[in-house]
Amino acid sequence: MDHEKVNILLVDDQPAKLLAYEVILKDLDENLVIASSGREALEVLLKTEIAVILVDVCMPELDGFELAAMIREHPRFQKTAMIFISAIQVSDIDRLRGYEMGAVDYVPVPVVPEVLRAKIKVFCELYRKTRELERLNQELEDRVRARTAELENSTAKLRESEQRRSMAIAAGKMGSWDWDWISGDWMWDEGQYRIFGVSPESFEVNPPNVQALLHPDDVDQLRKAIAEFNKGTRAYETEFRIIRPDGEVRWCVGTAAATVDDNSRVVRVSGVTVDITERKRAEERQNLLAREVDHRAKNALALAQSIVRLTRADEVKAYVSAVEGRINALARVHTILSLSSWQGAELSRLIDEELAPYSLGGQIVLAGPKVQLLPTTAQTLALALHELFTNSAKYGALSTRSGRLAIGWQVEDQLLTLSWEESGGPLVMTPKSRGFGTRSLLASVESQLGGQAQFDWRAEGLLCRLEVPLTRKTSATSASGKFEDASSAELQRASG
């Protein structure tokens, strides 16, 4: 078999002996390196990797023992095989000294070629095997280092992925869990504990404890899921509610998947829980808003229909103007309320909106604190103010440049009192009958808001006083429609 040649160093001060050694060892098919002195041998060792050294004991200047001692002092050659050749009979003490210097064997002169070749061959093979083992060990170490680096990299990526997953779960209000179907053991991650409002230190995850946190109306969902998995279902999803230890109710959606053995029996169920409480609340708000919008739209259409049907005028132009004015007043207050998400409207804002079309300069004086009106109150007062402004602009103080109007309001014990005082306009006479605007104003303020409306038709100008309770639960009645839906009925009665 072909093999990698190794270097054999032959050290002797006599050329004839070196030649003889070369002839004897030629059949080994190894590299033979010649050195005629100890110093020359040291130079060769520093430049060449040597497997076996064959050295003569008796040499001038540096004998074999001294050369062996110097070789062994170098870390590279502490295990290099050295064979001593001696032409004289050596004593046991000399042999012991040689072995102490690092010799592995002695060969006496005359040299038996077969014996020398056999000994050199053994040490060459031993060197070759040692080097092969070193290479294999190095390759194994390289593989171990590469595999270790690969595992460390994979572990780092897995850890990073787990961190991202944990962050995503936390951000998404998610939790994951695992249930050993055979042993009944549960495993929850941090997100699962957070959703249920419990801590790993104080809460033991087991079926009774988990069931105790489920909403009573949703406990059957857990039983149904278990039954489905027993029937062979591999995945299951459902919405359910939990009741945290502090009493808070949370909505969740749970997704579970089963792991089966070779016999298709469930051995493990793993899943994810997502807290969807905010989504549920948003859906409820959206549904409530949709119903509220639907109700308000119907009510607004009812009001507009009543205005159109019950408005009276001697000619078409006057009729159109009256209808447009009342519907515009209704639209303006709806705009104000929508900007506040139907939470209410500020009284002075309503008045400013009604004043905007007139451009009356300094004819009007306003005085009063900030008053926040509930939606129904704001709608009713907006229409009432529209009627007062329209009447004043046609027949009262605002119909002339000399006329003056003072609007003042105050609140005491949750009762809003608004005074409307005209002066400087045309001479006022008490009307023989009340028009639609006046009758609708009285009906809406008194019947819808539970307030009072008083009119004093003084010669110098109209004096009107409105009293409206602010604490009446008009927001609740708005949802039910009792008071808002009464508007058209009140307008019907006002037209009679």
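Just so it is clear, none of the values below were taken in a lab; they were calculated from the coordinates. Keep in mind that what you see is a predicted model, and the values were worked out from it rather than measured. Positions of Cβ are generated from backbone atoms using ideal geometry, with glycine treated the same way; all protein chains shown enter the neighbour counts.
Projected onto the charge dipole of region 1-40 (+1 at Lys/Arg Cβ, -1 at Asp/Glu Cβ, origin at the Cα centre), which of Ala20, Val6, Ser37 gives the Cα projection farthest towards the positive end? Projecting each Cα onto the dipole axis, the largest value belongs to Ser37.
Each peptide in 30-37, 225-232 receives the mean, over its residues, of other Cβ atoms within 10 Å, and ordering these scores from highest gives 30-37, 225-232. For a straight C-alpha distance cut-off of 19 angstrom, the aspartates and glutamates reachable from Lys370 (same-chain residues fewer than eight places away being disregarded) are Glu346, Asp352, Glu353, Glu354, Glu412, Asp413, Glu467.
With both labels modelled 7 Å from their Cα along Cα-to-Cβ, the Glu43 to Leu136 distance reads 3.9 nm. For Lys280, the lysines whose Cα comes closer than 29 Å to its Cα, not counting residues fewer than 8 places off in the same chain, are Lys173, Lys224, Lys298, Lys473, Lys482. Ordered by the count of other Cβ atoms within 10 Å of each Cβ, fewest first, Val23, Val107 give Val23, Val107. Rounded to the nearest Hz, the phi-derived 3J(HN,Hα) couplings of region 178-190 under the Karplus curve 6.51 cos²θ - 1.76 cosθ + 1.60 (θ = phi - 60°) are 9, 10, 6, 5, 7, 8, x, 6, 10, 9, 10, 8, 4, where x marks glycine and proline. The value of relative contact order for region 173-275, using C-alpha pairs under 8 Å at least six residues apart, is 32 percent.
Placing +1 at every Lys and Arg Cβ and -1 at every Asp and Glu Cβ, with all other atoms neutral, what dipole size does region 7-136 have around its Cα centre, in debye to the nearest 20? Could the numbers behind the result be given before it?
Details: 16 positive and 22 negative charges, 90 e Å.
Here region 7-136 has a charge dipole of around 440 debye.
As a rough guide to protection, the peptides 257-267, 150-160, 114-124 ranked by mean Cβ packing within 10 Å, highest first, stand as 114-124, 257-267, 150-160. Computed 3J(HN,Hα) for region 62-68, one whole-Hz value per residue from the Karplus formula 6.51 cos²θ - 1.76 cosθ + 1.60 where θ = phi - 60°, is 9, 7, x, 5, 5, 4, 4, glycine and proline marked x. Which pairs break 25 Å Cα to Cα here: Lys47/Lys121; Lys47/Lys129; Lys17/Lys129? Table pairs above 25 Å Cα-Cα are Lys17/Lys129. Under 28 Å Cα to Cα from Lys432, which lysines show up? Leave out anything in the same chain fewer than 8 places away. The reachable lysines, counting only those whose Cα sits under 28 Å from Lys432, are Lys317, Lys394. Once each part is reduced to its C-alpha centroid, what is the distance from region 9-37 to region 380-434 in angstrom? Cα centres, region 9-37 to region 380-434: 136 Å.
How far, in nm, would the chain grow between Arg147 and Val365 when pulled straight, counting 0.36 nm per residue and subtracting the alpha carbon separation?
On the way: separation 218, 0.36 × 218 = 78.48 nm, distance 8.93 nm.
Gain on stretching Arg147 to Val365: 69.6 nm.
Arranged by the count of other C-beta atoms within 10 angstrom, fewest first, what order do Phe389, Phe77, Phe455 take?
Values: Phe389 24, Phe77 20, Phe455 17.
Arranged by neighbour count, lowest to highest, Phe389, Phe77, Phe455 become Phe455, Phe77, Phe389.
Find out how many positive minus negative residues lie around Leu18, taking Lys and Arg as positive, Asp and Glu as negative, among other residues whose Cβ is under 11 Å from that of Leu18.
Details: positive: Lys17; negative: Asp12, Asp13, Glu22, Asp56.
With Lys, Arg at +1 and Asp, Glu at -1, the neighbours total -3.
Fully extending the segment from Asp180 to Asn328, taken as 0.36 nm per residue of separation minus the present Cα-Cα distance, adds 46.5 nm. Protection proxy ranking of 188-198, 273-283, 439-449, by the mean of other Cβ atoms within 10 Å over each peptide's residues and highest first, is 439-449, 188-198, 273-283.
In this Cβ point-charge picture (+1 for Lys and Arg, -1 for Asp and Glu), region 173-275 has a dipole of about 280 debye about its Cα centre. Summing Lys and Arg as +1 and Asp and Glu as -1 over all other residues whose Cβ lies under 14 Å from the Cβ of Pro245 gives a net charge of -1. Between Glu346 and residues 5 or more places away or on another chain, which pairs have amide H atoms under 5 Å apart, with H built 1.01 Å from N, and which residues are they? Answer set, sorted by chain and number: Leu373.
Around the Cα centre of region 364-467, unit charges on the Cβ atoms of Lys, Arg, Asp and Glu (plus for the first two, minus for the last two) sum to a dipole of about 400 debye.
List Glu292, Glu412 from most exposed to least, where exposure is judged by having the fewest other Cβ atoms within 10 Å.
Numbers: Glu292 14, Glu412 7.
Neighbour counts put them in this order, fewest first: Glu412, Glu292.
Database remark: amide H of Gly451 closer than 5 angstrom to the amide H of Glu446 (H placed geometrically; neighbours at sequence offset of 5 or more, or on other chains; Pro and chain starts carry no H).
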